[in-house]
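**Student:** Provided herewith is a single structure, encoded as structure tokens, for subsequent inquiry.
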Amino acid sequence: MKQQSITEKKEDFDVVFTDFLLKYPEYINPVLDDLRKTEFTSLNGVYADWTGAGLPTNSLIEKHMRFLQRNILGNPHSFHKPSSKADEKIMQTRNAILSFLNANPEEYEVVFTSGATSAILILQHYMFGGGELLLTADNHNSVNGLREIAKKKGATVRYTPITNELQFDEEVLQKRLSYPRSWNGNKLFVYPAKSNYSGNIHSLDWVNIAQEKGWDVMLDAAAFLPNNKLDLSVVKPDFIPISFYKLFGYPTGIGCLVIKKDKYRKLDKMWFSGGSILLVSVKLDYFVPESIGHMRFEDGTINFGGIPAIFNGLEFMKELGEYKGRITSIASYLHDSLCKIKVGSNSVVVHNIKGNDTVVFNIKKDGNILDASLFEQAASKAGIYVRNGCFCNPGVNEKLFGYSVKDEEFYNSEILPYEINLNHFEENSGKPVGALRASFGYVNDFSDVYKIAEFTKKYLAIL
Ligand SMILES: Cc1ncc(COP(=O)(O)O)c(C=O)c1O
């Protein structure tokens, strides 16, 4: 077959792009066009894993490096100049985080952590007192893991299901919130504002609904914040875990729990560590915990060398202005394209609803879903970076692929627990156990989704 010439390819692209612009005028964003050209010079492929991690701009890295070259930062909480400088920058960043979320500093506080996971883990200190932990089936494993601590603490743990459209089953959720199993103790409801699997936005109204019924609410904002705004003057969750690399890529290893100050009283931390203690004696079995909330829960030395870069990142995000329209338009284009692609008996099944920043799909050969990792590997070789797997969100995976651990033969078989992996689910159930996720952020443009769609066509053709 004759190879399509470069000029023909360019013409094809131009025609499709013109149609796309007519359909999605909200795509147009010269600030982002410019940013992509000037600030992401290391980008040499299609990066479609924004829910996994955001990418840093050159300026963000350079600005922080310059700052470190010109300033000495000492371990905080002392009185000498390098230490005070670190304290000053940390305080400035705490305030910037609250301001970014439009949170009242009288009401909310920032506890620095190494990421969303360690922020969520602070809830290990939650005093259930015989109460309940309610989780949505759509949750990241860093939230699911809390259930083991809650069970050990004597709490009732319940899940509330999701529908085939991967939305919350609202009727059941209303019931679970209205009729907890346990009427004693404290009740904690945890859900993601955006699913890291499907990209679905879950209504923020659940925060208020749950709180009115007496629940404390942790709103997992880790996947939500990169492309959506959270206004804590309007909606007021009690706990909000965040990972900053998901917003602007640099530095990794810094996150926080934004906490309503009056909820510290529901956290009972049994131990102390460097930084979280006011007075301790070795001779006497005696200690006085730190009384300032964030200091009590920040164990050891926080990342004082990296935290000033978070301030810069938040400033950068503010300057970006509105960019959601661009992202949803390219994701919608890809969603439509993948739904339509068919080569012989090979096709693509798209699992999520259209309209947000993510496309979740699988490749089908002769009607059967193929191992998603094969597509990821082939795409990666072609410079296209999408993710495959269950994305640490087994609840959505189980819903999509209709399996659960108990259903599988190996559950009662000779296989040892540590030998179990996703392949076993596939082999034993004959079902695929993972999807492909293309997720987008302000770095992406139309050429990215065009390339993914074109690559997918070619992939189907050679299966
Ligand atoms: C919704 C959600 N919650 C929690 C996490 C955990 O974040 P981290 O791994 O940065 O601690 C992630 C990470 O992907 C996530 O998407």
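**Student:** Would you confirm whether any residue within segment 84-91 is out of contact with any helix residue (DSSP H, G or I) (no Cβ under 9 Å at 6 or more places or on another chain) and of a type in the set (Ser, Thr, Tyr)?
**Tutor:** Yes, because at least one residue in segment 84-91 is out of contact with any helix residue (DSSP H, G or I) (no Cβ under 9 Å at 6 or more places or on another chain) and of a type in the set (Ser, Thr, Tyr).
**Student:** In the list GLY130, GLY115, GLY145, which residue meets the criterion of being within 16 Å of the ligand (Cβ to nearest atom) and in contact with a Gly (Cβ under 8 Å, 6 or more places away or on another chain)?
**Tutor:** Going through GLY130, GLY115, GLY145 in turn, the sole match is GLY115.
**Student:** Kindly indicate which of LYS236, LYS194 is at pLDDT 95 or above, within 11 Å of the ligand (Cβ to nearest atom), assigned by TED's automatic domain parsing to the domain that holds LEU314 and among the basic types (Lys, Arg).
**Tutor:** LYS194
**Student:** Separate question: If we only count strands (runs of 3 or more DSSP E) wholly inside segment 101-171, which ones have 2 or more residues that are of a type in the set (Gly, Ala, Ser) and assigned by TED's automatic domain parsing to the domain that holds THR301? Step through it out loud before you land on a result.
**Tutor:** Values: elements: 108-113, 132-136, 156-160.
Output list is empty.
**Student:** Sticking with this structure for a sec: If ILE90 passes every condition in (1) in contact with a strand residue (DSSP E or B) (Cβ under 9 Å, 6 or more places away or on another chain); (2) part of a loop (DSSP other than H, G, I, E, B) but one, which one does it miss?
**Tutor:** Condition (2) is where ILE90 drops out.
**Student:** Could you count how many residues in segment 163-175 are away from the ligand (no atom under 16 Å from the Cβ) and either of a type in the set (A, V, I, L, M) or surrounded by 22 or more Cβ atoms within 10 Å (Cβ to Cβ) (or both)?
**Tutor:** 2
**Student:** Also, I was wondering about something else. Can you name the residue in segment 207-233 that is within 11 Å of the ligand (Cβ to nearest atom) and assigned to a loop (DSSP other than H, G, I, E, B) and is also nearest to SER99 (Cα to Cα) among such residues?
**Tutor:** LEU225
**Student:** Follow-up question, since we're still on this one. Filter segment 323-343 down to residues that are more than 18 Å from VAL360 (Cα to Cα) and either without any contact (Cβ under 8 Å) to a residue 40 or more places away in the chain or not in a loop (DSSP other than H, G, I, E, B) (or both), then give me how many there are.
**Tutor:** 4
Let's see how each residue does on (1) away from the ligand (no atom under 15 Å from the Cβ); (2) out of contact with any Pro (no Cβ under 7 Å at 6 or more places or on another chain):
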{"position": "ASN362", "(1), (2)": "yes, no"}
{"position": "SER380", "(1), (2)": "yes, yes"}
{"position": "GLY383", "(1), (2)": "yes, yes"}
{"position": "CYS392", "(1), (2)": "no, yes"}
{"position": "GLU398", "(1), (2)": "yes, yes"}
{"position": "GLY402", "(1), (2)": "yes, yes"}
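**Student:** Let me ask another. Given the criteria part of a helix (DSSP H, G or I) and either within 15 Å of PRO251 (Cβ to Cβ) or away from the ligand (no atom under 16 Å from the Cβ) (or both), does PHE67 qualify?
**Tutor:** So PHE67 fits the description; yes.
**Student:** Which condition number does ALA116 fail, the rest of (1) within 23 Å of the chain's Cα centre (by Cα); (2) over 16 Å from GLU298 (Cβ atoms); (3) surrounded by 17 or more Cβ atoms within 10 Å (Cβ to Cβ); (4) of a type outside the set (Ser, Thr, Tyr) being met?
**Tutor:** (2)
**Student:** Here's another thing I want to ask about it. Given the structure, is LYS318 among the charged types (D, E, K, R) and under 30 Å from GLU165 (Cβ atoms)? Steps first, answer last, please.
**Tutor:** Details: among the charged types (D, E, K, R): yes; under 30 Å from GLU165 (Cβ atoms): no.
Considered against the rule, which asks whether it is among the charged types (D, E, K, R) and under 30 Å from GLU165 (Cβ atoms), LYS318 comes out as no.
Residues checked against (1) modelled with pLDDT of 95 or more; (2) in contact with a Pro (Cβ under 7 Å, 6 or more places away or on another chain); (3) away from the ligand (no atom under 16 Å from the Cβ):
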residue: ILE240; (1), (2), (3): yes, no, no
residue: THR252; (1), (2), (3): yes, no, no
residue: CYS256; (1), (2), (3): yes, no, no
residue: ASP262; (1), (2), (3): yes, no, yes
residue: ASP285; (1), (2), (3): no, no, yes
residue: GLY293; (1), (2), (3): no, no, yes
residue: ILE302; (1), (2), (3): yes, no, no
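Yes/no matrix, rows are residues, columns are (1) surrounded by 18 or more Cβ atoms within 10 Å (Cβ to Cβ); (2) of a type outside the set (A, V, I, L, M, F, W, C); (3) within 16 Å of the ligand (Cβ to nearest atom):
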residue	(1), (2), (3)
ASN102	no, yes, no
VAL111	yes, no, yes
LEU123	yes, no, yes
THR136	yes, yes, yes
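**Student:** Pull up segment 256-295, narrow it to residues that are of a type in the set (A, V, I, L, M, F, W, C) and either surrounded by fewer than 11 Cβ atoms within 10 Å (Cβ to Cβ) or without any contact (Cβ under 8 Å) to a residue 12 or more places away in the chain (or both), then point me to the one that is farthest from ARG94 (Cα to Cα).
**Tutor:** First, pick out the residues of segment 256-295 that are of a type in the set (A, V, I, L, M, F, W, C): 256-259, 267, 270-272, 277-280, 282, 284, 287-288, 292, 295.
Filter once more, keeping what is either surrounded by fewer than 11 Cβ atoms within 10 Å (Cβ to Cβ) or without any contact (Cβ under 8 Å) to a residue 12 or more places away in the chain (or both): 270-271, 279-280, 282, 284, 288, 292.
Numbers: MET270: 25, TRP271: 24, LEU279: 25, VAL280: 27, VAL282: 33, LEU284: 35, VAL288: 25, ILE292: 14 Å.
Ranking the candidates gives LEU284 first.
**Student:** Moving on. Among the listed residues GLU132, GLU148, which satisfies the condition of being under 30 Å from GLU170 (Cβ atoms), acidic (Asp, Glu), surrounded by 17 or more Cβ atoms within 10 Å (Cβ to Cβ) and without any contact (Cβ under 8 Å) to a residue 60 or more places away in the chain? First the steps, then the outcome.
**Tutor:** On the way: GLU148 fails: surrounded by 17 or more Cβ atoms within 10 Å (Cβ to Cβ).
Criteria check complete, one pass: GLU132.
**Student:** From (1) away from the ligand (no atom under 16 Å from the Cβ); (2) modelled with pLDDT of 95 or more; (3) more than 15 Å from GLY306 (Cβ to Cβ); (4) not basic (Lys, Arg), pick out the condition that doesn't hold for THR51.
**Tutor:** Checking THR51 against (1) away from the ligand (no atom under 16 Å from the Cβ); (2) modelled with pLDDT of 95 or more; (3) more than 15 Å from GLY306 (Cβ to Cβ); (4) not basic (Lys, Arg), the one that fails is (1).
**Student:** Here's another thing I want to ask about it. For the subset of segment 234-249 comprising residues that are in contact with a Leu (Cβ under 9 Å, 6 or more places away or on another chain) and part of a loop (DSSP other than H, G, I, E, B), which member is farthest from GLU132 (Cα to Cα)?
**Tutor:** GLY249
The values are calculated or read from the model by the stated rules, or taken from the named source; none is laboratory data. Because the structure is a prediction, the values reported are computed rather than measured. Please note: Cβ atoms are built from the backbone with ideal geometry, for glycine as well, and neighbour counts cover all protein chains shown.
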